[in-house]
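Presented below is the structure to which this report refers.
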Amino acid sequence: MRLRTFALVSLLLVAAFTGANITSWKLPYPMPEDAQEGKAVWQKHNCVSCHTLFGNGGYVGDDMTNILKRRTAEDVQHYLTNPPVMRPNREHLHPALEPGEAEFLTSYLRFVGDIPTLGWPPEPRGAKQ
Amino acid sequence: MIFERSVLGYLFRKLAGRKQAQENQDTGAYQGANSKELNASHGTDSKQTNTNQRTGAPGQVFKAQIIARNYTLAAALLFGTQGIVALLGAIDLIIPDLPSPIPFEYGRSIHLGLAVLWPLIGTMGMVYYFVTEDLDREIFSPRLAKWQFWLVLAASLSIYASLTFRLGRGREYLEGLPLSYAGISLALGLFSYNLMRTLIKHKQRITPAAMIMTAGSVLLLMFLIPNILSVTNPIADEATKFWVVHAWEEMAFELTTSGFLASYLKNTGLAAKKDIEKWLYLEAALTVAAGLFGTGHHYYWIGFPAYWLLVGFLFSFLQLIPVALLVLMVYKGLKKRPQLGNRQKLTLALILSSMLYHVTGASLLGFIITVPWINLYMHGTYITSGHAHLALFGSLGFLVLGGSYYILSRGTQPDRKTYRRGIMAVLALNVGLLTMSTALIIAGFLQAYRARYLGMNFMEVNLQLNLYLSARAAGGAIFTSGDLLLTWQILKAWRKSKNAVS
């Protein structure tokens, strides 16, 4: 293989990859404004350092992809505005959010929960058995 | 008329002066090349004109190679800081209510930010150094390379400063504010421009190693630009993040790695040019294809269509081929068992450590966890963290340290005591890394089995992992001791070689 072939092949591959990405990141429905605000809250409080979304992020907290299928929105908002102590700490609390921020964040998590994720997070098999 | 004449005369003299200076510069470089060719025709090791292998004494040194010292020194110092930050984070996880001026979530951000940026800065220096070495010509603009250094350093430090004050944008690995990434992108733009102009200027001398290092640098820029701003679409946000987390690591840095190794093995006389360059473009093209579409294994569960399960899996498998070719290239370089000085031995200890993790932690473990039905359970657990340590530091970090040490020790040879300390540092880094990664992988298996498979409460499972997280912190302490010892040795080599190189 020669220089020109390498350069041409690389350019074509980058173009094909970028095109495939753009056609693949379609949302199931337009993202509501409060969900967009919620994404900003998620990023502002650096939630990804401890929690995962789609399984990507920190490993000390639970995955939040479908949290609203396991908990009610009210429960989540109450948790965020009146944060409990994070075990194994005895004093250290989960970061607190303003009520408005908590509402936006739950909207975002609801939207994320509606994205088809090909089976993520997995259904526990052992529990069924 | 007299005025015109005088102005024209001045301009002419100025131009002529510049042309003369240019000619002198080119001649200087050409003399180097000539003497290499001359030596080759006399059957001697041509590279000894540039660096004597036994004494390490430098021959001709290009300006770019002196500037490369700034980059590699900054990388080594940031690497030294990295160990301390990471160890504090690991301790924070196992000691409840540990008082800390920086909360865990921002400490982790600093750790991840450092993990990507110090290899980037080191790679910039290595690419400048080895492109110059390979072409045997000066880069297009040494001044631009100097400005680029201060720009990338300031932008990188601004990320750590902002995160210390809890100002970030909550994107994993891309934790800093947009302005910082605009600065890094600008630095990468200057870098790519400088390299491309260098290749154009000396197009008759382009080598595969110089070309693929330049291609890697351009790809670093192309995949960072979309990440300057974060987008509202969470699927696109996740995907573009992996253009840096994966495509940088497994494609762009892989190209600079292959180019660096090819240039290093060839220019130090360890391997023959024909053996090294024979498959280099093919290997590079496979790296681009597999590295790009292998990113697909990060797209399995983020809302991408199902065909990415197949694309991600197949191209992740394909990624093993260029890695095998890379290892073959290094093997060819070393099979003659050449007599080496202490400087070369220490450099090779770091490079071979990198090769070990390249094959095991990055490629094999990486491939196993990209099989979709395995990934479904292992994803988002400490296994990913173990793999990331082996791939990011084990594979890339060791290599950048090897290159940095080689560049900063030019013109010197460590005495026996210094050499032993260097080897001890490399051993400590290896033992520390293996301990950390093993502990993380075991902890990840427990998370995957208990929480994902059995359906136990994730937080309850996490409370049972303290033993493994403590083992990780112990490994981190060993790693940090090696980190500080090696940084110290590199600093000593830098000080010792200052006069020799300048």
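The numbers here are math on the coordinates, done by the rules we state, and not lab data. The model shown is predicted, which means the values in this text are computed figures rather than measured ones. Virtual Cβ from ideal backbone geometry, glycine too; neighbours counted across all protein chains shown.
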HN-Hα couplings for region B:316-328 via Karplus (6.51, -1.76, 1.60; θ = phi - 60°), in whole Hz with x for Gly/Pro, come out as 5, 5, 4, 4, 5, 5, x, 5, 4, 5, 5, 5, 4
Hey, what's the per residue convex hull volume over the C-alpha atoms of the protein assembly as shown, in cubic angstrom?
-> 175
In whole Å, what three semi-axes, largest first, describe the equivalent ellipsoid of region A:32-122 built from its Cα gyration tensor (square root of 5 times each eigenvalue)?
-> 20, 16, 12
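May I ask you to derive the FRET efficiency for B:Leu352 and A:Glu74 from their Cβ-Cβ distance with R0 = 60 Å, giving the value to the nearest 0.05? Mind showing how you got there, number by number?
Details: r = 57 Å, r/R0 = 0.96.
That gives a FRET efficiency of 0.55.
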Those helices of chain A passing the 30 Å axial Cα length cut-off and the mean Kyte-Doolittle cut-off of 1.0 (DSSP H runs only) are A:3-24
Average other protein chain Cβ within 10 Å of Cβ, residues B:239-246 | 2
Have a look at A:Glu103, A:Glu37, A:Glu91 and tell me which one the Gaussian network model of chain A (Cα, springs below 10 Å) gives the largest fluctuation.
-> A:Glu91
Based on the Cα atoms of region B:59-501, what semi-axes does the equivalent ellipsoid have, where each is the square root of 5 times one gyration tensor eigenvalue, given in whole Å with the largest first?
-> 33, 25, 22
Along Cα→Cβ, 7 Å out, is where each label goes; now give me the distance between the ones at A:Leu118 and A:His92 in nm to one decimal.
-> 3.5
Which value in nm describes the separation of the simple spin-label points at A:Ala16 and B:Arg205, placed 7 Å from the Cα toward the beta carbon?
-> 3.6
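Loop-only trypsin sites (Lys or Arg not before Pro) in region B:157-196, please: DSSP not H, G, I, E or B, and at most 16 other Cβ atoms within 10 Å. Provide the component values of the computation, followed by the final result.
Values: sites: B:Arg166, B:Arg169, B:Arg171; in loops: B:Arg166, B:Arg169, B:Arg171.
Filter output for region B:157-196: B:Arg166.
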Neighbourhood charge, 14 Å Cβ-Cβ cut-off, centred on B:Leu167 and excluding it, Lys, Arg +1 and Asp, Glu -1 = +2
Quick calc: nm separation of the 7 Å Cα→Cβ label points for B:Leu179 and A:Gln36 -> 2.4
Region A:32-104: trypsin sites (Lys or Arg not before Pro) falling in loop per DSSP and having at most 12 other Cβ within 10 Å | A:Arg90
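Roughly how crowded by other chains is peptide B:451-460, in terms of the mean Cβ count from those chains within 10 Å of each of its Cβ atoms? Mind showing how you got there, number by number?
On the way: counts 5, 8, 6, 5, 7, 3, 1, 7, 5, 1.
Mean shielding by partner chains, rounded to a whole number: 5.
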Which net charge results for the neighbourhood of B:Ala451, defined as the other residues with beta-carbon distances under 14 angstrom from its beta-carbon, given Lys and Arg at +1 and Asp and Glu at -1?
-> 0
